[in-house]
Amino acid sequence: MKAFTFERAASAEAAAQIAASNPDAKFIAGGTNLLDLMKLEIETPTHLIDVNGLEFNEIEPTAEGGLRIGAMVRNTDLAAHEIVRRDYPLLARALLSGASGQLRNRATTGGNLLQRTRCPYFYDTNQPCNKRQPGSGCSAIGGFSRQHAVLGVSDACIATHPSDMAVAMRALDAVVETVKADGSRRAISLTDFHRLPGDTPHIETVLEQGEIITAVCLQPPIGGTQIYRKVRDRASYAFALVSVAAVVQPDGTGRIAVGGVAHKPWRIEDAEAELPNGARATAAVLLTDARPTDQNRFKLALVERLLSAVIAQAKDKSS
Amino acid sequence: MNESSKVRLTVNRTSREIHVDNRTTLLDALREHLQLTGTKKGCDHGQCGACTVIVDGRRVNSCLTLAVMNEGAEVTTIEGLGEPGDLHPMQAAFVKHDGFQCGYCTPGQICSSVAMLEEIAADIPSHVTDDLKNKARPTAEEIRERMSGNICRCGAYSNIVDAITEVAETRS
């Protein structure tokens, strides 16, 4: 690990100012991803700004009837929260399907959105990786790509976003609230928050240098049967090969977001219109522009089967 | 600004002050600065759980948190749970059920399981909890899921589950 200086943020605005004026500074919250990457010298900040002392630990109802989740709320506390379990069970289920008990106790809401890919070539500093070292090439294309993206890929990168939480939040139309260095605030729909890799896979979100996440807001509850179904290589404590976050209403309409298939949680509203027509019709639209490799083509069939499973499960539950 | 810091911690009910390089993880602070070598370094990347300790009542991977991020925290390590002659019930249950072979993962398994039972008592659900409206019970399935962050290379899992189950039943 490279040496760094360390300070505790006094406020979100102060933290944003420090980070905006120093491109080698990083915020640290739970640290469960950043420290891992610092040990491997994939991340090499020279200054860490500890945001653990900031008062973003609340989960509170919004005036519109939704829920505001502070950026520092730990994954464990979010999944266990009474309102989340009752009104947004999709989110609780997604959180509980990710990581381990120890990690969820530290990992934060804001940090979860910002976690980096688990592409093995991103982690292997002996291999070219456009995300780690822009312009060096992509080792996953033509390499072992079983875990990689099939949608929204580019010639520069086929990495996936690893979060389960973000997939559920995408289906729930969550909005990310931030503060910039100049003190201004903005709300970013999760639809727009993560970027596709394109020619700049090292730029993963629309956040500006120094901009800090303060909360994630959920819309008022939408009811329905909420299911998070995740397929992985182990029964527990593994990243998704494919996951489906589904909200299915009694009339068969609903929302679908898919994880493990792209650089961001994948949702196509036109595909949701096909939901009452079944899994095949929905998957056909969802996967229209898929560009799988020979090794991860199985994810296409897996998406359709997972959709089939959640539609059946929803019918079963509502009957 | 310095690349090292002074950190105050309460470790096993004793107040300690250390001066560490900012890079020092809580794990290395415990082992190298406080000579509490019961906490083990396995993968050092949060994947194996051997370094699990209890910080402010919650189990965490001590390898994935910096000592400086834990200023003022209360840390409990395996040494703080119990010592020979005065074992914590979980330690005694691991001995009784032979919940280990080489023993390297055991301090992490025990710290994790003690805090894990508190999580169930505090109504924290898990991936295998059937109904989010109801409080989970410490069934074997729940214990296995909740302990998935602790790897045992010797494969003593079935005896580990037996040990934890016995403690859970005594508690309830």
Inspect the stretch B:1-20 for any residue being at the interface with chain A (Cβ under 10 Å from one of its Cβ atoms) and hydrophobic (A, V, I, L, M, F, W, C) and give the result as yes or no. yes
For the stretch A:166-184, which residues satisfy the criterion of being in contact (Cβ under 8 Å) with a residue 24 or more places away in the chain and not in a helix (DSSP H, G or I)? A:L172, A:D173, A:A174, A:V175, A:V176, A:E177, A:T178, A:V179, A:K180, A:A181, A:G183
I'm checking my understanding of the structure. Among residues of the stretch B:82-109 that are in contact with a helix residue (DSSP H, G or I) (Cβ under 8 Å, 6 or more places away or on another chain) and in a loop (DSSP other than H, G, I, E, B), which one is nearest to B:R13 (Cα to Cα)? B:G82
Among the residues of the stretch A:92-137, write down those that are within 14 Å of chain B (Cβ to nearest Cβ), over 18 Å from A:A166 (Cα atoms) and assigned to a strand (DSSP E or B). none
I want to confirm something. Restricting to the stretch A:53-91 and keeping residues that are acidic (D, E) and within 14 Å of another protein chain (Cβ to nearest Cβ), which single residue is farthest from the chain's Cα centre (by Cα)? A:E82
Please specify each residue of the stretch B:115-172 satisfying the condition of being on the phi < 0 side of the Ramachandran plot, of a type in the set (D, E, K, R), within 12 Å of another protein chain (Cβ to nearest Cβ) and part of a loop (DSSP other than H, G, I, E, B). B:D130, B:D131, B:K133, B:K135
Unmet requirement for A:M1, which otherwise passes all of (1) hydrophobic (A, V, I, L, M, F, W, C); (2) buried (at least 21 other Cβ atoms within 10 Å of the Cβ); (3) more than 30 Å from A:K230 (Cα to Cα); (4) within 9 Å of chain B (Cβ to nearest Cβ): (2)
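Yes/no matrix, rows are residues, columns are (1) surrounded by fewer than 24 Cβ atoms within 10 Å (Cβ to Cβ); (2) out of contact with any strand residue (DSSP E or B) (no Cβ under 7 Å at 6 or more places or on another chain); (3) among the charged types (D, E, K, R):
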site	(1), (2), (3)
B:V20	yes, no, no
B:H33	yes, no, no
B:K41	yes, yes, yes
B:H45	yes, yes, no
B:C51	no, no, no
B:N61	no, no, no
B:A73	yes, no, no
For residues that are surrounded by fewer than 18 Cβ atoms within 10 Å (Cβ to Cβ) and small (G, A, S), scanning just the stretch A:237-269, find the one that is farthest from A:E64 (Cα to Cα). A:A238
Check off (1) of a type in the set (D, E); (2) touching a helix residue (DSSP H, G or I) at 6+ places or on another chain (Cβ under 9 Å); (3) touching a residue at least 40 places away in the same chain (Cβ under 8 Å) for B:E71 and give me the number that stays unchecked. (2)
Condition first: modelled with pLDDT of 95 or more, under 20 Å from A:R118 (Cα atoms) and surrounded by fewer than 24 Cβ atoms within 10 Å (Cβ to Cβ). Can you find one or more residues in the stretch A:179-195 that meet it? yes
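The values are calculated or read from the model by the stated rules, or taken from the named source; none is laboratory data. Note that this is a predicted model, so its numbers are computed, not measured. FYI the Cβ positions are ideal-geometry reconstructions off the backbone, even for glycines, and counts take in every protein chain you see.
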